[in-house]
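Comments concern the structure below.
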Amino acid sequence: MKKTTILLLLLLTIGSLSAQNNKKGILYDNDKLINRFHTIDELQDLNKGALIELYLERTREIFIVLPYLSLSNQPGTSLSDIGIKEDSDNIKIVEKNNEIADRAFVYTTNTVKELVPYSDTDNIIWAILYFEEMIKKMRLGKNGNI
């Protein structure tokens, strides 16, 4: 019984490490993407604080996806999926870019939260709708498939 338990724990640990290693060459994950698009009527019913949060979410997706758009428009795409060797140099490039993008987005968030509240609500709504159209086009890709 003790051997079985140890073997099971060993297999789970190896499986967990293997799953973590597979995530290294991923350009961006689905959790960085928005999951809903809005109509102008829906946006007009929201207060400015909620609009600013939507504005930030859309800015983040564009910020994250845009550098990789010529490689893939699909979340979860790995370097090997697009024919790029998953060696340590290429993985470091992706990880470094993602790390820098995350840090830069912190500053973008601060800027948006400090300055965008001074915008007219209609301008924030227009920007959200514009960002959503951009995101739809990015997701469609060159062949029009989502």
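The values are calculated or read from the model by the stated rules, or taken from the named source; none is laboratory data. Please read all numbers here as calculations on a predicted model, not as lab measurements. No Cβ is skipped: glycine too gets one built from the backbone with ideal geometry, and neighbour counts run over all protein chains shown.
Some points to look at:
- Scanning region 76-109 for residues that are closer than 25 Å to Leu54 by Cβ, exposed (fewer than 15 other Cβ atoms within 10 Å of the Cβ) and not polar (S, T, N, Q) yields Gly76, Ile100, Asp102, Arg103, Ala104, Val106, Tyr107.
- The listed residues are Val94, Val65, and the only one of them that is in contact (Cβ under 8 Å) with a residue 40 or more places away in the chain, touching a strand residue (DSSP E or B) at 6+ places or on another chain (Cβ under 8 Å) and not hydroxyl-bearing (Ser, Thr, Tyr) turns out to be Val94.
- If the condition is being without any contact (Cβ under 8 Å) to a residue 40 or more places away in the chain and either on the phi > 0 side of the Ramachandran plot or surrounded by 12 or more Cβ atoms within 10 Å (Cβ to Cβ) (or both), then region 111-122 contributes only Ser119.
- Residue in region 66-75 that is small (Gly, Ala, Ser), surrounded by fewer than 13 Cβ atoms within 10 Å (Cβ to Cβ), outside any helix (DSSP H, G or I) and at positive phi present: no
- Among the residues making up region 1-54, a single one is at pLDDT below 85 and in contact with a helix residue (DSSP H, G or I) (Cβ under 8 Å, 6 or more places away or on another chain): Lys24.
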